[in-house]
Amino acid sequence: MRVIENAGRWSAPAAGSGNDWTEHFANDDLSVGTYCIPVGGVDDQSPHTEDEIYVVTAGRARITTPSGDAEVGPGSVVFVPAGEAHRFTDVTEDLALLVLFAPAYGSRRGR
């Protein structure tokens, strides 16, 4: 058992950086991290090679994918399959996301 402290908690990005990504835990099968985007921020991520689940812990925004878009806020859970382009837009409140990758983030690169 392991308690992962501060996962999903808002953290302001460092001065001069757009967003904040912190990986809290990883093994071969799963990784957990926090992704934060400030009000008005731009989500510049690329599609990932792993399946991904976002749990919105704070803030409000819109997620846009080729299969559709939706408003998200605290408690929203979003599944994004590996390879699907996705972006958070219209960030109207500082957005904090608990992020789970399966398998672990970056583990399928080069496949």
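Whether any residue in the stretch 50-57 is of a type in the set (D, E, K, R), assigned to a loop (DSSP other than H, G, I, E, B) and under 19 Å from THR34 (Cβ atoms) is what I want to check.
Step one: list which residues in the stretch 50-57 are of a type in the set (D, E, K, R), which gives 50-52.
Next, only the ones that are assigned to a loop (DSSP other than H, G, I, E, B) stay: 50.
Okay, now just the ones that are also under 19 Å from THR34 (Cβ atoms), so 50.
Yes, the conditions are met somewhere in the stretch 50-57.
Of the numbered conditions (1) closer than 13 Å to VAL99 by Cβ; (2) of a type in the set (S, T, N, Q); (3) at pLDDT 95 or above, GLN45 satisfies every one except a single condition; which is it?
Among (1) closer than 13 Å to VAL99 by Cβ; (2) of a type in the set (S, T, N, Q); (3) at pLDDT 95 or above, GLN45 violates only (3).
Are any residues in the stretch 2-51 in contact with a Leu (Cβ under 8 Å, 6 or more places away or on another chain) and among the hydroxyl-bearing types (Ser, Thr, Tyr), and if so, which ones?
Once the filter is applied, which keeps residues that are in contact with a Leu (Cβ under 8 Å, 6 or more places away or on another chain) and among the hydroxyl-bearing types (Ser, Thr, Tyr), the stretch 2-51 yields SER31, THR34, TYR35.
Before we move on, is GLY18 more than 30 Å from ARG2 (Cα to Cα) and either touching a residue at least 60 places away in the same chain (Cβ under 8 Å) or not in a strand (DSSP E or B) (or both)?
Spelling it out, GLY18 is indeed more than 30 Å from ARG2 (Cα to Cα) and either touching a residue at least 60 places away in the same chain (Cβ under 8 Å) or not in a strand (DSSP E or B) (or both).
For the stretch 45-79: of the residues being touching a residue at least 40 places away in the same chain (Cβ under 8 Å) and charged (D, E, K, R), which is nearest to GLY106 (Cα to Cα)?
Step by step, filter the stretch 45-79, then rank; the result is GLU50.
Select from the stretch 21-35 the residues that are outside any strand (DSSP E or B) and of a type in the set (S, T, N, Q) and list them in ascending order.
If the condition is that a residue be outside any strand (DSSP E or B) and of a type in the set (S, T, N, Q), then ASN27 is the only one that fits.
Residues that are surrounded by fewer than 13 Cβ atoms within 10 Å (Cβ to Cβ) and in contact with a His (Cβ under 9 Å, 6 or more places away or on another chain): does the stretch 15-35 have at least one? Spell out how you get there, then give the answer.
Of all residues in the stretch 15-35, those surrounded by fewer than 13 Cβ atoms within 10 Å (Cβ to Cβ) come to 15-18, 27-29.
After this cut, where a residue has to be in contact with a His (Cβ under 9 Å, 6 or more places away or on another chain) as well, the list is none.
No, the stretch 15-35 contains no residue that is surrounded by fewer than 13 Cβ atoms within 10 Å (Cβ to Cβ) and in contact with a His (Cβ under 9 Å, 6 or more places away or on another chain).
Which one of the conditions (1) in contact (Cβ under 8 Å) with a residue 40 or more places away in the chain; (2) hydrophobic (A, V, I, L, M, F, W, C); (3) within 17 Å of LEU98 (Cβ to Cβ); (4) part of a loop (DSSP other than H, G, I, E, B) does VAL3 fail to meet, given that it meets all the rest?
Unmet condition: (1).
Would the stretch 83-105 turn up any residue that is part of a strand (DSSP E or B), of a type in the set (Phe, Trp, Tyr) and in contact (Cβ under 8 Å) with a residue 60 or more places away in the chain?
yes
The values are calculated or read from the model by the stated rules, or taken from the named source; none is laboratory data. Every value quoted in this text rests on a predicted model; they were computed, and no experiment measured them. A quick note on method: Cβ atoms are made from the backbone with ideal geometry, for glycine too, and the neighbour counts reach across all protein chains shown.
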